[in-house]
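This report concerns only the one structure given below.
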Amino acid sequence: MTKKAVFEIRIHGRGGQGAKSASQLIVEAALDQGKQIQAFPEYGPERTGAPMKTYARISDKPITTYEPVLEPDIVLVIDPTLVGQVDVTQGLGKDGILVVNTVESTDELKKKTGFTGKIYTVDATGISIDLLGKNLPNTPIIGALIKVTGVIDIKYVEKRVEGMFLKKIGVEKTQANIDAIKRAHDEVK
Amino acid sequence: MIMATAKGKIFPLTGNYAIAEAMRQINPDVVAAYPITPQTSIVETFSKFANDGKVDTEMVRVESEHSAMSACVGAAMAGARTMTATCSAGLALMYEIVGVASGLRCPIVMPVANRAISAPINIHCDHSDSIGARDLGWIQIYNETAQEAYENVFLAVRLAEHKDIQLPVMVCEDGFITSHCVQNVKIYDDETMKKFVGENKPEHALLDLKNPITVGAIELQDYFFETKRQQQDAMEKVPGVFLKVGNELSMLTGNDYGFYEEYKMNDAEAVIVTMSSAAGTTRAVVDRMRADGKKVGLLRIRLFRPFPYKEVAKALSRAKNVAVLDRSMSFGANAPLYGEIMNALYPMEKKPGLQSYTFGLGGRDLLESHVEHVYKEMLAGKVSDGKKYLGLREETV
Amino acid sequence: MSKEKYPTKESIGKKLGWREIPIGGLITRRASALMNKTGSWRSFRPVIDESKCINCSFCVTHCPDNAVHFKDGKRSPIDLDYCKGCGICASVCPVKCIKMEEETKFKK
């Protein structure tokens, strides 16, 4: 078995920023595409603001391992202040991808992390404040994931977002969430 | 491969949600439970079902696990199909009544999201809670995936309520690891599962007013021993009923419900015996090492109480070296699963080498590299009567 | 398991094996406490002076073993199968018509 029969994602965030919901949304969309999935956070003491990680696996074959994701294909960083605070590139190979929610340039991130692989940035916070009126970068950053990996199809994510939000927050705000994902998809660089 | 006849739909669910779904489909008469991490979302989800009118269950809100199990015993003796859920300190607090439940032969089904026993306080997975309660007369089923935990809740209800058994069952999943991991879970249609569990028809019930009974009377030197001998008899009947009910469920799901699961055991020289989620991680390593031509296999114990000694001995009879991976300790004694495997092997003339490994206490990660290390040691014949530990500082891996 | 609902003369005091008894220590026969003839524990026996008794029923309400009854305005004799000889009846009797006498006097 080649390990990479499974696509592995690690998301860095802070307690309360929705990293867990993001990983769940990703795998739910993948499941709707007929994939085998797994999503789980690395639970610590649950404290708002404390750095935390969450994992997701997507595969065509059943996933049996419960090992934490040690060598991710992609790392998503929801909170830019985590760069430099925690080792966001740990286990990320030279073919790996780093996506950071930031207004900084990829060159600046390269310097900060020393990572030589592909780095993408997206202003998920800016998009979120613009479209949703508050700082909720966890959903838009999924748009960036879709753009740079193609591991899931955006239309399945849209469907799941509708299922998740429509009843709770209404048509307008749900559409705003979808728009935010689409904009992050288009603006990631 | 058996053809599954039950219709189903695949959802992305956590182990806890899947268990709550099973409880919804079973629609028990009474659920009395108290929340405790990482079991909470089972009861939380189920009480939402109850609140939304999706079940007719009488939810009993209690002030502790001791009361939860007490209420369950009362409900079960009244003749109600009764369920609860707990783990760790909760199980420890209800301990007295856990023994009452089996002693009074209450067919209560209790999912357990395995969590360490304090101190030091810890909310993460190991098996010291339910393993510590292994001699209290409950049937114990350990599950690897959310799917398996979901299905075994149904099996547990049938097993518990079987007229020859009448014993409570713990359905164990690994706390946080399985309980909170979102996985593909196939939920079968309500109709099929309701039909499978059927109706609870207790032989004696307090609410059967035409046939009054007394429950919980004192038994001293004259009868207590006889009652305990009966419990042993019921436990000895569990394997047969377990397989029979498992076969019935198999017809619906196409899945296997044996005492244990053998994975690539046919020609395996180096074998790992373990339970629950660790088997999933082990399976991934077996696949990788098999691709390199290594003769490695996995024996995952599903039914820990009663323990299938003879069958396990047979399953291990061709192995050269066996490593037993325990997720709990019996301080000053052999690790619990290791001890049982040793018991199973004792009558064999030609015994495989046997090595004890303890791993994962308090949620310490079991890595594939740990498992691979164990297989390499077993292939090299490195067995001893000493205890080894995985993922512990100052140890080799 | 025995199907009889009431204890019989034969079943009283007989110790049953584990295959014969109901599961879980259940008592499935009504009034099985009757099987335990606590009268055998008695070392003092209440003896009533019928000429003094005023049928007040104090002994009936106080007897912890229900060994004396009240029916149609009249007190029954004491049921010696179940009277343990505790002496409460003698103690509460307002006219002191009950006397506790040594059991050995009656066993000859």
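The values are calculated or read from the model by the stated rules, or taken from the named source; none is laboratory data. Nothing here was measured: the structure is a model prediction, and the numbers come from that model. A quick note on method: Cβ atoms are made from the backbone with ideal geometry, for glycine too, and the neighbour counts reach across all protein chains shown. Ligands, DNA and RNA are excluded from the accessible area calculation, which covers all protein heavy atoms including side chains. Shrake-Rupley method; radii C 1.70, N 1.55, O 1.52, S 1.80 Å.
Kindly indicate whether any position in region B:268-277 is within 25 Å of B:MET23 (Cα to Cα), at pLDDT 95 or above, open to solvent by 20 Å² or more (accessible area, probe 1.4 Å) and away from chain C (no Cβ under 14 Å). Within region B:268-277, none of the residues are within 25 Å of B:MET23 (Cα to Cα), at pLDDT 95 or above, open to solvent by 20 Å² or more (accessible area, probe 1.4 Å) and away from chain C (no Cβ under 14 Å). Considering C:SER43, C:SER51, C:SER57, the condition of being in contact with a helix residue (DSSP H, G or I) (Cβ under 6 Å, 6 or more places away or on another chain) and surrounded by fewer than 17 Cβ atoms within 10 Å (Cβ to Cβ) is satisfied by C:SER43 alone. Provide a single number: the residues in region B:218-235 that are exposed (fewer than 13 other Cβ atoms within 10 Å of the Cβ) and in a loop (DSSP other than H, G, I, E, B). Here the count works out to 4. Restricted to region B:169-186, and to residues there that are within 13 Å of chain A (Cβ to nearest Cβ) and among the aliphatic types (A, V, I, L, M), the residue that is farthest from B:ALA4 (Cα to Cα) is B:ILE177. One residue stands out in region A:136-158 among those that are within 19 Å of A:GLN175 (Cβ to Cβ) and without any contact (Cβ under 8 Å) to a residue 24 or more places away in the chain: the one that is most open to solvent (accessible area, probe 1.4 Å), namely A:LYS155. Taken together, B:LYS294, B:LYS244 contain a single residue that is more than 15 Å from the chain's Cα centre (by Cα) and assigned by TED's automatic domain parsing to the domain that holds B:ILE139, which is B:LYS244. Considering B:VAL286, B:VAL238, the condition of being under 26 Å from B:ASN27 (Cβ atoms) and either of a type in the set (A, V, I, L, M, F, W, C) or within 14 Å of chain C (Cβ to nearest Cβ) (or both) is satisfied by B:VAL238 alone. Between A:GLU42, A:GLU71, the distinction of being in contact (Cβ under 8 Å) with a residue 12 or more places away in the chain, under 23 Å from A:THR121 (Cα atoms) and open to solvent by 30 Å² or more (accessible area, probe 1.4 Å) belongs to A:GLU71 only. Count of region B:241-267 residues, restricted to those that are open to solvent by 10 Å² or more (accessible area, probe 1.4 Å), farther than 23 Å from B:ILE131 by Cα and in a helix (DSSP H, G or I), is 6.
Scanning region B:291-321 for residues being within 16 Å of B:SER356 (Cβ to Cβ) and either aromatic (Phe, Trp, Tyr) or free of Cβ contacts under 8 Å to residues at least 60 places away in the same chain (or both) gives a total of 4.
When B:ASP52 is tested against (1) without any contact (Cβ under 8 Å) to a residue 12 or more places away in the chain; (2) within 18 Å of the chain's Cα centre (by Cα), exactly one condition is not met: (2). For region A:100-120, a tally of residues being in contact with a Pro (Cβ under 9 Å, 6 or more places away or on another chain) and under 14 Å from A:ILE74 (Cα atoms) returns 2. Here is the figure for region A:17-28: residues that are more than 9 Å from chain B (Cβ to nearest Cβ) and at pLDDT 95 or above total 3. Within region B:194-208, the residues that satisfy the criterion of being open to solvent by 40 Å² or more (accessible area, probe 1.4 Å) and away from chain C (no Cβ under 12 Å) are B:LYS194, B:LYS195, B:GLU199, B:LYS201, B:LEU207. Criterion first (open to solvent by 20 Å² or more (accessible area, probe 1.4 Å) and over 30 Å from C:ILE23 (Cα atoms)) does B:ILE117 satisfy it? For B:ILE117, the condition - open to solvent by 20 Å² or more (accessible area, probe 1.4 Å) and over 30 Å from C:ILE23 (Cα atoms) - is met.
C:PHE70 meets the conditions (1) loosely packed, with under 14 Cβ neighbours inside 10 Å; (2) at pLDDT below 95 in every case but one. The failed one is (1). The C-beta contact set for region B:185-210 (first residue hydrophobic (A, V, I, L, M, F, W, C), second residue part of a strand (DSSP E or B) and open to solvent by 50 Å² or more (accessible area, probe 1.4 Å), distance under 8 angstrom, 6+ apart or interchain) comprises B:VAL185/B:ILE10; B:VAL185/B:PHE11; B:ILE187/B:LYS9; B:ILE187/B:ILE10; B:ILE187/B:PHE11. Tell me which residues, restricted to region A:45-66, are open to solvent by 60 Å² or more (accessible area, probe 1.4 Å) and in a loop (DSSP other than H, G, I, E, B). Scanning region A:45-66 gives A:PRO45, A:GLU46, A:ARG47, A:THR48, A:ASP60, A:LYS61, A:PRO62.
For region B:367-397, which residues satisfy the criterion of being surrounded by 16 or more Cβ atoms within 10 Å (Cβ to Cβ) and under 17 Å from B:ALA335 (Cα atoms)? Result: B:VAL374, B:VAL383, B:LYS388, B:TYR389, B:LEU390, B:GLY391. Of the residues making up region A:53-86, those that are more than 9 Å from chain B (Cβ to nearest Cβ) and among the hydrophobic types (A, V, I, L, M, F, W, C) are A:ILE58, A:VAL69, A:ILE74, A:VAL75, A:LEU76, A:VAL77, A:ILE78, A:LEU82, A:VAL83, A:VAL86.
If you check C:ASP81 against the conditions, is it among the acidic types (Asp, Glu) and open to solvent by 60 Å² or more (accessible area, probe 1.4 Å)? Taking the combined requirement at face value, the residue satisfies it. Of everything listed in (1) buried (at least 22 other Cβ atoms within 10 Å of the Cβ); (2) touching a residue at least 24 places away in the same chain (Cβ under 8 Å); (3) within 12 Å of chain B (Cβ to nearest Cβ), the single unmet condition for A:GLN36 is (1).
For A:SER105, the test of being surrounded by fewer than 18 Cβ atoms within 10 Å (Cβ to Cβ) and touching a helix residue (DSSP H, G or I) at 6+ places or on another chain (Cβ under 7 Å) is failed. Beta carbons closer than 8 Å, at least 6 apart along the sequence or on distinct chains, pair a first residue in region C:7-26 that is within 11 Å of chain B (Cβ to nearest Cβ) and open to solvent by less than 50 Å² (accessible area, probe 1.4 Å) with a second that is in a loop (DSSP other than H, G, I, E, B) and modelled with pLDDT under 75 for C:LEU16/C:SER2; C:ILE21/C:MET1; C:PRO22/C:MET1. Of the residues that sit in region B:289-317 and are among the charged types (D, E, K, R) and buried (at least 17 other Cβ atoms within 10 Å of the Cβ), which one is nearest to the other protein chains (Cβ to nearest Cβ)? Result: B:ARG300.
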